[in-house]
Amino acid sequence: MSQDGQLSPLARAVRAGFDTDSQYGSVTPALYPSTNYRFAGIGEDKPAFDYSRSANPTRALLARTLADLEHGADATVTGSGMSAITATVEALVGPHGRVVAPADCYGGTWRLLDHLAARERIEVDFIDMSDLGRARAALSRPAELVLVETPSNPLMRITDIAATAELAHARGALLVADNTFCSPVLSNPLDLGADVVLHSTTKFINGHSDVVGGVVVSGTAGLGEQVQHWANALGLTGGAWDSWLTLRGLRTIDARVRVHEENTAAVVEQLADSDAVARVHYPGLPGHPGHALAARQQRGFGALLSFELAGGLDAVKAFSSDLRAIDLAESLGGTESLLAHPATMTHAGMTPQARAAAGITDSLLRLSVGIEPIADLRADLAAALERAARA
């Protein structure tokens, strides 16, 4: 609590909607699943909530909470992370507008932008956004939107948000930051100059691998109105039940992230010490190219890492063949540890040429470290590393 008696944004997130039930005194907020709401009469003022695709009380509570957490002016809750990026592009990029995006972004994001470019809806250039020189060169031509992922998915590259925002704004472009990997616990890109922040709330915000959702947090009310308009027009808004579950998951985000990070530090050390591992990509390592930058613009290094096995694809298959405390599955940010093979799973939608250009090889694995007892994780990894070494 601050000196003026105000709760912190994280404390407000834990208590979002508490003590608002005047009828029964429920501590936790009520769920409003109704699809429609009564009008007072013909010609009278439209109610605040009329039809749930456009506005819903439960979704509105989640939106206000996430806007507060990200220090934003407004937020639009969507049905998925891909709905969030779709709404953002449709709202903020005009016909044939140019987008500059990371070459090693999430495979679904790459696929969406590539498809829109193929239909001549937008123009897109994929670059290494962690290289300011390349960003400066890419922005020698006008653009409407610059997208950053930091850390990037899956190579964990770090982009200087403040410097990239300055470059983007000098060319009249908006900077959009995907903050899914850090969550609002570890980073607030709007404070560093971003105009819009995206999340797949499926990940750390919900944190339990049981709700698919997304959010677009806007730095100004004007941008928020544009995104909300297009999310409603395209039918991309999230449902009440998913919003209520996401609020429930959000209450533990601070505690979860602390355990995630504690476990990750131990896992990274174990992988880095193994002869079966050729390289570990994790910004918390002092030798990572973005380590100092991540330490400056984040409040922690997160629970995502990727690593390359020395034995190539055969080692990858052996490593993932008999896991006990880790699941071979897509997604991330849940309480459980998840291992993914980007080339055949999360980034399979990219062309082989695009994966090669981004640096995503067949020997690369991505690990989302969960909150299981660390002894179990280390034992599972030790056995997996032995299998990989024999492959």
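Among residues of region 1-19 that are within 25 Å of residue 244 (Cα to Cα), those with a beta-carbon under 6 Å from a residue that is modelled with pLDDT of 90 or more and in a loop (DSSP other than H, G, I, E, B) at least six positions away or on a different chain give the pairs 14/251; 17/29; 18/27.
Inside region 87-115, residues that are over 21 Å from residue 218 (Cβ atoms), touching a helix residue (DSSP H, G or I) at 6+ places or on another chain (Cβ under 7 Å) and surrounded by fewer than 23 Cβ atoms within 10 Å (Cβ to Cβ) make up a count of 2. Residues that are outside the structural domain of residue 208 (by TED's automatic domain parsing), touching a residue at least 60 places away in the same chain (Cβ under 8 Å), within 22 Å of the chain's Cα centre (by Cα) and buried (at least 16 other Cβ atoms within 10 Å of the Cβ) do not occur anywhere in region 313-330.
Looking only at residues of region 218-266 that are within 18 Å of the chain's Cα centre (by Cα) and not in a helix (DSSP H, G or I), we find that the one that is surrounded by the fewest Cβ atoms within 10 Å (Cβ to Cβ) is 252.
Going by the structure shown, is residue 148 over 14 Å from the mean Cα position of the chain (by Cα), part of a strand (DSSP E or B) and on the phi < 0 side of the Ramachandran plot? In short, no. Consider residue 361 against the criteria (1) free of Cβ contacts under 8 Å to residues at least 24 places away in the same chain; (2) under 21 Å from residue 274 (Cα atoms); (3) in a loop (DSSP other than H, G, I, E, B): it satisfies all of them except one. Which criterion is unmet? Answer for residue 361: the failing condition is (1).
When you look at residue 84, is it closer than 30 Å to residue 108 by Cβ and either at pLDDT below 95 or buried (at least 17 other Cβ atoms within 10 Å of the Cβ) (or both), yes or no? Against the criterion (closer than 30 Å to residue 108 by Cβ and either at pLDDT below 95 or buried (at least 17 other Cβ atoms within 10 Å of the Cβ) (or both)), residue 84 qualifies. Scan region 101-133 for residues that are touching a residue at least 24 places away in the same chain (Cβ under 8 Å) and closer than 16 Å to residue 158 by Cα and the total you get is 12.
A single entry from 272, 265 fulfils the requirement of being without any contact (Cβ under 8 Å) to a residue 40 or more places away in the chain, in the same structural domain as residue 339 (by TED's automatic domain parsing) and closer than 20 Å to residue 388 by Cα: 272. In region 161-185, what residues are within 17 Å of the chain's Cα centre (by Cα) and in contact (Cβ under 8 Å) with a residue 60 or more places away in the chain? Within region 161-185, 161, 176, 178, 179, 180, 181, 182, 183, 184, 185 meet the criteria.
Screening residue 309 with (1) touching a Ser or Thr at 6+ places or on another chain (Cβ under 9 Å); (2) surrounded by fewer than 16 Cβ atoms within 10 Å (Cβ to Cβ); (3) farther than 21 Å from residue 208 by Cβ gives one miss only, at (2).
When region 30-48 is limited to residues that are in contact with a strand residue (DSSP E or B) (Cβ under 9 Å, 6 or more places away or on another chain) and assigned to a loop (DSSP other than H, G, I, E, B), the one that is surrounded by the most Cβ atoms within 10 Å (Cβ to Cβ) turns out to be 37.
The values are calculated or read from the model by the stated rules, or taken from the named source; none is laboratory data. A quick note: this is a predicted structure, and the numbers were derived from the prediction, not measured. Here the Cβ is made from the backbone with ideal geometry for all residues, glycine too, and neighbour counts use every protein chain on show.
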